[in-house]
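Engineer: Got a structure here, written out as structure tokens. Questions coming.
What follows is calculated from the coordinates using simple rules that are stated; it is not laboratory data. These numbers were taken from a predicted model, which means no experiment stands behind them. So basically every Cβ, Gly included, is an ideal-geometry build from the backbone, and we count neighbours across all protein chains shown.
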Amino acid sequence: MPPDPAAPPPSAGRDLVYHDARNYLAWDGAAWRSEWFVGPPPRYLTGVAYDRLRQRLVLFGGGTTGDALLGDTWEFDGVTWARMP
């Protein structure tokens, strides 16, 4: 499959990409679309893994811009973020 010219540029050293407008690009299997982001607050130095069995992206912890450490866990199923208990 050739690269999509509408795709976001590659990046390194990032777990997720945050935009001040809380807007992101999502791949729906056929094209990139713009989506409003509802999910974990902005953070850095997170732990991120993909759970192949459950088909979920799992995000843990990180730090905020005020250097507060976070210990929360979020899951993304490809459509919706959910904070885990």
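Engineer: Taking θ as phi - 60°, what are the ³J(HN,Hα) couplings along the range 52-64 by the Karplus curve (6.51, -1.76, 1.60), each to the nearest whole Hz, with x for Gly and Pro?
Structural biologist: 5, 5, 9, 6, 9, 8, 10, 10, 10, x, x, x, 9
Engineer: Additional query: Considering the options Y44, F76, G61, tell which one lies farthest towards the positive end of the dipole of the range 42-85, charges being +1 on Lys and Arg and -1 on Asp and Glu at the Cβ, about the Cα centre.
Structural biologist: In the range 42-85, that residue is F76.
Engineer: When a/c reaches 1.5 or more, the comparison of a/b and b/c decides; with that in mind, is the range 42-85 rounded, prolate or oblate per its Cα gyration tensor?
Structural biologist: Numbers: a/c = 2.49, a/b = 2.17, b/c = 1.15.
Prolate is the answer for the range 42-85, as a/c is 1.5 or above and a/b outweighs b/c.
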